[in-house]
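Asker: Before anything else, here's the structure in question.
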Amino acid sequence: MSHSPEGQYQPPRRPEGQYPQRPPQGRPPYAPQGQPPPPPPGPYGQQATQRQPRFEQPQYDQYGQEPYEPYDAYEQEPPRRKSKVKRWLIAGGTVLALAGAAALVMNHFEIPPFTDKGKAVSFGPAPDGKNEAAKPAASSKMQMPTGPKTDFKNTSTLSDGTQIGVATITGKKSGFTGKVWVWAPKEYNDPKYAKSGFPVMIALPGGAGFPNNYWMGTDLGLQSSISKWAAEGKGKPFLLAMPVLNPGPDDKGVYWDGSDIPDQPKMGTWLTEDVPDLMRENFRTVKSRDGWAFMGSSTGGFAGLKAVLKHPDKFKAVIASGPDIVPDSSLWKGHDKEKAENNPELLAKQLIDKKGPDVYLAFQVGDNENNKKTLPDVQKFVQTFTKGPIHTSLRVIPGGQHNAKTYVPNMGEGPIQFISKVMEGPVE
């Protein structure tokens, strides 16, 4: 290395044409002769390399070298905005998914505010026997709620916004304490029907019918089917009462036949007196028996059939699906007289002998019932007792089995029309 007299750096002289060729990177050649040479080599005998910008073609100084710039002068990688947005979207979606899952869990376990279950349910204006303006004329076919109002709690909300309420009541006449689920169709709160009384259907389950009545749920579609049939003109917009059928579980085949068996809870009085009274206290109903009916399956079908035949002055019709025809509870042992008083065959004969009043019995039975006697027994009853005041229809369901899922959709294929044609409501 040499220096000029003034102490300035002088680069070593190189013969012409011996300047090293730059790598083929599209850079310009070294400066021509006579121009200042490139800067000195680095401390290790190699020319210092320079960091070049990432996204631009490098610029060169007059020596054909990349000018040195501080590190911060070079472009940094642009912020990854799309990646950040994506991360936020993923995080937001995860939060929403977790919140939705939590809401479903809280709804399932009936934890407010994610469910209406447990909240008070009001079916129309509060009953008020003192409100003279609300009372219908003496000639009216409808009856306003008599009160006292029952404290119903929501147990389910249907897709159309209607609600199923439940209350535990003690029957004034039976003394039995049990649950009753109630439902009103959408028409009930329609201002068009504000002064109308609605028909009532008491829906009874099969099996134990305790501690729940399986018609109170929405999975079997009874409530939505009633609304659909009413809209199609096939059926009435019935109010539903869905009481427990028995006072306890079906333990080893023990059930109560929906009857007042001596020394047992008075389930017959519960179904035919206390439950109708509950509906009259809380709903606008039809005064006469023309607005009152039963429906039921299996044991509930028997109980409904027997109730209409035993109390034709109170009830006009029944839809009995896969019913028993005679009482067969083991609790009847030693009570033959009372058992005969609750036998549909004997009750039908008595009604025929009395020549009325008229009742309408809609039967439906699957041809694949597990009890092979069910269909022949029903057919024999229809053949024997369809006369005088007893009017019957029978629908045999092809492939039908002994369950509620078979019976509900088939009610719309005949039975609901059969009873709706002879019942009244809504009426003023």
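The values are calculated or read from the model by the stated rules, or taken from the named source; none is laboratory data. What you see is a predicted model; the values in this text were computed from it and never measured. Cβ: placed from backbone, ideal geometry, glycine included. Neighbour counts: every protein chain shown. For the accessible areas, the whole protein counts, side chains as well, though only heavy atoms, and no ligand, DNA or RNA atoms are used. Shrake-Rupley method; radii C 1.70, N 1.55, O 1.52, S 1.80 Å.
Asker: Can you tell me how many residues in the stretch 295-317 are hydrophobic (A, V, I, L, M, F, W, C), closer than 21 Å to LYS354 by Cα and in contact with a Pro (Cβ under 6 Å, 6 or more places away or on another chain)?
Answerer: Qualifying residue count, the stretch 295-317: 2.
Asker: Now, a different point. Please pick out the residue among GLN417, GLN383 that is touching a residue at least 24 places away in the same chain (Cβ under 8 Å) and part of a helix (DSSP H, G or I).
Answerer: GLN417
Yes or no, residue by residue, for (1) assigned to a loop (DSSP other than H, G, I, E, B); (2) polar (S, T, N, Q); (3) open to solvent by less than 40 Å² (accessible area, probe 1.4 Å):
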site: ASN371; (1), (2), (3): yes, yes, no
site: GLN379; (1), (2), (3): no, yes, no
site: HIS391; (1), (2), (3): no, no, no
site: HIS402; (1), (2), (3): yes, no, no
site: TYR407; (1), (2), (3): no, no, yes
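Asker: Regarding GLY253, is this residue at pLDDT below 95, surrounded by fewer than 24 Cβ atoms within 10 Å (Cβ to Cβ) and touching a Ser or Thr at 6+ places or on another chain (Cβ under 8 Å)?
Answerer: Yes: the conditions hold for GLY253.
Asker: Of ALA303, ALA348, which residue is in a helix (DSSP H, G or I), open to solvent by less than 10 Å² (accessible area, probe 1.4 Å) and touching an Asp or Glu at 6+ places or on another chain (Cβ under 8 Å)?
Answerer: Going through ALA303, ALA348 in turn, just one is in a helix (DSSP H, G or I), open to solvent by less than 10 Å² (accessible area, probe 1.4 Å) and touching an Asp or Glu at 6+ places or on another chain (Cβ under 8 Å): ALA303.
Asker: Being under 26 Å from the mean Cα position of the chain (by Cα), of a type in the set (Ser, Thr, Tyr) and either crowded, with 24+ Cβ neighbours inside 10 Å or not in a helix (DSSP H, G or I) (or both): is that true of THR218 here?
Answerer: yes
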